[in-house]
Amino acid sequence: MALSSLTTRISQSGPWRSFFRHGWPDNPLDRSLTMTSNIFFHLHPVKVSRRSLRWSYSFGLGVISAILFGVLIWTGVLLMFYYVPSVERAYPTMKEIQFSVPLGQFTRNMHRWSAHAMVLMVILHMARVFYTGAYKPPREFNWIVGVVLLLLTLGASFTGYLLPWDQLAYWAITVGTNIAGYAPVAGPPAREILLGGSEVGQNALIRFYTLHIAVLPLLITLLVSLHLWRVRKDGGLAANET
Amino acid sequence: MTTQTPVTDEIFPKHTGKTYALVELMRGEGPMVGKGPDDTVFSFPVVLLWEALLLLGVTLTIFVFSLLKQAPLEEIANPLITTDPAKAPWYFVGLQELLEHMHPTLAGVIIPTLLVLFLMALPYLDHSRANVGVWFSSARGRWIVGLTALYTAIVMPAYIALDNAFSLRELLRGVVQQWVAQGLLPGGILAVLVALPVLVVWRRKADTRELMLTLFTVMFASAVVFTASGFLLRGPGFKLYLPGQMPWWYNPWDGL
Ligand code: HEM
């Protein structure tokens, strides 16, 4: 049997066509279907303006933030296999990760540097969106989603900061949560709820851990999906408008 | 498709069995209404290639950086021994710098709340649609941003240095009440410093977008100045050190 007829038979078989619901994307119809029939691709518009693709328009900062978030999930899950969020075990498990887990130190480095980079990139992305005027109608709502994403990103980084349970972590979180405690009336109770007590201890560690590995990443995933979907619904990037 | 059919025939086929059409006339605007023939390309494959490239670039950068620089791990946490200096993570260290100059409620609560409220309110304060998707909106906008950033880069470090040398808190201790010396005065000074460029631009018949460009730039550049000061120039005792005069045993970058 000739190779071409074999590939034709495969690509027209039932199983193949249940996985790939479109033909080879070399024509407008199949290129559209590729984008709309794949869950990851469908967050993109089917067509984009040439201007919005220009590097000097967006600097890719939003995409870079999302990629860093992906790296953080990947390396974070690896770290979770070893880390134990208890006051007695946290620091020793960090040492273990650094000295006896294969590639442990490297994985931790990746996680920490991506975290700092993500905070920085999200801030720069916000500045880019502001200076290109992309917060104006109809994108007001997506700008608000973005502001919430900024706060969640800061929260994710801040809660992760405590987990190594070393002096750096302990005192940075003490200083940081003290700032929150300065609010009149609501401040001290808010700080108490966050820490599960009046000082940084076991209760604070387990609360920060839960926020860091479950609550905040889930919220960020949800809101990033909403954010990208809104970019599409608002007619692609604002560069389309001019 | 072998024969080329005119676009109108594709949209309104002539010979179909269909006896009806779903058509609606709409009032109002959609994102692409009135934009004329669009200069667009199919996302597949160009956008995906673009993203794949970024994915490779970003992961490679982080990868190489992680080979070269180790994440810090200090001694085990000890509530009895305070580190010196004790700093918040870098993105909050600007607030910690502010705390040195004014009442904690003002620095730690009121100012950050105002910043977030400003960001949230921004699209509702400025909703003109002109020049959307253009960096700085216009050549004049670019000038406004440049000059405002320059102004902030001079004024805010000057404020930090002056208040450090002649601390309002110390000078006015016992002279006026605390809420004046640590709340009203520093708050007022900052408000004037922020409002000044906005007023100047406003006097020159600026539109809303230009006012927002000024306001955002003062705030953003101030945040950068305060963060840099808190992160780089604050050493033991959270005292200010000139660049290069930091005690040798304290390197601010170790605390990342
Ligand atoms: C986790 C954080 C965030 C992620 C992953 C993210 C992701 C993205 C991506 C992938 C885009 C497409 C264009 C581009 O790459 O620049 C985008 C656009 C946009 N983002 Fe974000 N973003 C985040 C945070 C923010 C923040 C903090 C703001 C503003 C406060 C914001 C406001 C917007 C707006 C208004 C657009 C549309 C831009 C345009 O039409 O030109 N986003 N975002």
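The values are calculated or read from the model by the stated rules, or taken from the named source; none is laboratory data. Predicted, not measured: the structure shown is a model, and the values here were computed from it. Reconstructed Cβ throughout: ideal geometry from the backbone, glycine too, with neighbour counts over all protein chains shown. These area figures cover heavy atoms from the full protein model, side chains too; ligands, DNA and RNA do not enter into them. Shrake-Rupley method; radii C 1.70, N 1.55, O 1.52, S 1.80 Å.
Peptides A:3-14, B:100-111, B:203-214 ranked from most to least packed, by the mean per-residue count of other Cβ atoms within 10 Å: B:100-111, B:203-214, A:3-14. State whether region B:206-250 is rounded, prolate or oblate according to the following rule on the C-alpha gyration tensor (a ≥ b ≥ c being the square roots of its eigenvalues): a/c under 1.5 gives rounded; otherwise a/b larger than b/c gives prolate, and the remaining case gives oblate. Prolate, since a/c reaches 1.5 and a/b exceeds b/c. Other protein chain C-beta atoms within 10 Å of residue C-beta, averaged over B:128-138: 6. The Cβ shell under 15 Å around B:PRO236 holds other residues with a net charge of 0, Lys and Arg each +1, Asp and Glu each -1. Separation of region B:91-128 and region A:190-209, taken as the distance between their Cα centroids, equals 25 angstrom. Specify the inter-centroid distance of region A:89-161 and region B:198-256, based on alpha-carbon positions, in whole Å. Cα centroid of region A:89-161 versus Cα centroid of region B:198-256: 21 Å apart. Taking H placed 1.01 Å from N in the peptide plane, check which residues at least 5 places from B:ALA71 or on another chain put their amide H under 5 Å from its amide H. Here A:ASN109 satisfy the definition.
For the segment A:225-236, counting C-beta atoms of other chains within 10 Å of every residue's C-beta and taking the mean gives 1.
For chain A, the membrane-span-like helices by this rule, meaning whole DSSP H stretches whose C-alpha atoms cover at least 15 Å of axis and whose Kyte-Doolittle mean is -1.0 or above, are A:61-80, A:104-131, A:140-162, A:167-181, A:216-233; this says nothing about an actual membrane. Among the lysines of chain B, pairs that are 8 or more positions apart or on different chains and have alpha carbons within less than 29 Å of each other number 4.
Protein heavy-atom accessible surface, 1.4 Å probe, per residue over chain B: 63 Å². Net charge in the neighbourhood of B:ALA77 (other residues with Cβ under 14 Å of its Cβ; Lys, Arg +1, Asp, Glu -1) is -3.
How much accessible area is lost when chains B and A come together, counting both sides, with a 1.4 Å probe, in Å² rounded to the nearest 100? For B against A, buried area totals roughly 7900 Å².
Could you work out what % of the accessible surface of the protein assembly as shown is carbon and sulfur, using a 1.4 angstrom probe and leaving DNA, RNA and ligands out of the count?
Carbon and sulfur atoms account for 69 percent of the accessible area of the protein assembly as shown.
Counting heavy atoms of the protein chains alone, B:PHE65 has an accessible area of about 100 Å² for a 1.4 Å probe.
Rounded, prolate or oblate: which fits the protein assembly as shown when a ≥ b ≥ c are the square roots of the eigenvalues of the alpha-carbon gyration tensor, with rounded for a/c under 1.5 and prolate only if a/b beats b/c?
oblate
Note on B:81-94: average number of Cβ atoms from other chains within 10 Å of each residue's Cβ is 6. Heavy-atom accessible surface of region A:162-213, averaged per residue, reaches 40 Å², computed with a 1.4 Å probe. A straight Cα-to-Cα reach below 15 Å connects A:LYS95 with the aspartates and glutamates A:ASP166, B:GLU74, B:GLU75, residues fewer than 8 places away in its own chain not being considered.
To the nearest 10, the accessible area of A:TYR161 is 10 Å² with a 1.4 Å probe. GNM on chain A, alpha-carbon springs under 10 angstrom: the most fluctuating residue among A:PHE69, A:PHE19, A:PHE208 is A:PHE19. Shape of region A:51-233 from the C-alpha gyration tensor: oblate (a/c of 1.5 or more and a/b not above b/c, with a ≥ b ≥ c the square roots of its eigenvalues).
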